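What follows is a set of notes on a single structure, which appears directly below.
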Amino acid sequence: MDIVEKRIRISGVDPLSLLGINDSNLQIISDRFDANIIVRGDSITIKGEEDETARVEKVFKELMYVLDKTGVLRTDDVVTVVELVSGEGESARAGEEGSRDTVVLSARNDLIKPKTPGQRQFVRSVQKNDVVFVIGPAGTGKTYLAVAMAVAALRNREVQKIVLTRPAVEAGESLGFLPGDLKEKVIPYLRPLYDALDDMLPQDKLKLYVEKNVIEIAPLAYMRGRTLGNAFVILDEAQNASAMQMKMFLTRLGVNSKAIVTGDITQIDLPQKSLSGLVEIQKVLKGVEGVSFVYLEKTDVVRHKLVKDIIDAYEKYNSWDGKD
């Protein structure tokens, strides 16, 4: 394999914090990868085989992002990023499925990555397919992980924008009786998407992205008549989308776009549950190449341990026939 050379500029972060006291962080990286790393001033030069050089470049870029986001770079952060990136290379060399089994993204003081077998399958499916449906109970990280993958794709310049949408279903409340204009009325429905983004992006960058429409968060009805190209599109709470809305959403996809559709078919708020587009689409798109369905279970719940018990209790209650 040809030897290549890449140069990275240390920008926006303190070089000492990035490299570590006495170059301790640099040493961790050098020990793990077979590449020559030279630091001069604010420039890092990496020389080695193409794949290995690309992985070292990715490590430094991820670490600079973590440092910029959190203001601190711990030894554990460096080791985690190095293991995740080097693991990608090892999996690829071994010919394993899902060679990129992780999402390397900073969320406050942590790194986002799949924590359960179901979540890992979810990430692999998104990497291999352009349209992925992920269905599962509350607390399985469907929305959070989907948004993390979208932000990672934007950061890696795989797409030019992110579109996040939800059906504004009136779950026991009429929109007409809520105060404010239409935008103010639908904000509560979109709040979980804002919360996830707020966890993953600096406030100023998120605000800029929203202002420039690089990140768009809107009710599902706003998607009609559009073509979404070079975009990472997420339809959240899709169990509350009608069959017609589901078809409308899926036919918005343009060139170089990915779509993730998340939902919980046990929490349908539509007047007639049989009309849920998420229920119907499992039959409509069954076996279509490029489309994947991932089903998360209560074992994939990553919230408070009581959430699993609550889901169990509801399952038992709903299956009870009234006989002791």
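The values are calculated or read from the model by the stated rules, or taken from the named source; none is laboratory data. In this text, all values refer to a predicted model and were calculated from it rather than measured experimentally. Because the Cβ atoms are built from the backbone with ideal geometry, glycine has one as well, and the counts that use them run over all protein chains shown. Ligands, DNA and RNA are stripped out before the accessible areas are found, and what is left, the full protein with its side chains, is counted by its heavy atoms. Shrake-Rupley method; radii C 1.70, N 1.55, O 1.52, S 1.80 Å.
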Q: Using per-residue counts of other Cβ atoms within 10 Å, averaged over each peptide, order 286-297, 42-53, 112-123 from highest down.
A: 112-123, 42-53, 286-297
(Q) Could you tell me how far the Cα centroid of the range 21-71 sits from the Cα centroid of the range 239-264, in Å? (A) 39 Å
Q: Grab the Cα-Cα distance for Asp42 and Ile3, subtract it from 0.36 nm times how many residues apart they are, and report the gain in nm with one decimal.
A: 11.7 nm
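If you roll a 1.4 Å probe over the range 196-235 with all protein chains in place, what percent of the accessible area is carbon or sulfur?
Solvent-exposed carbon and sulfur of the range 196-235 make up 49 percent of the total.
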Q: Can you give me the P(r) profile for the range 205-287? Cα pairs, bins 10 angstrom wide beginning at 0, each as a whole percent.
A: 17, 46, 28, 9, 0
Q. Between Thr116 and Asp198, what length comes free when the chain is fully extended (0.36 nm per residue of separation minus the Cα-Cα distance, one decimal in nm)?
A. 27.2 nm
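Would you mind getting the accessible area per residue of the range 216-260, heavy atoms of the protein chains only, 1.4 Å probe, in Å²?
Normalised by residue count, the accessible surface of the range 216-260 is 38 Å².
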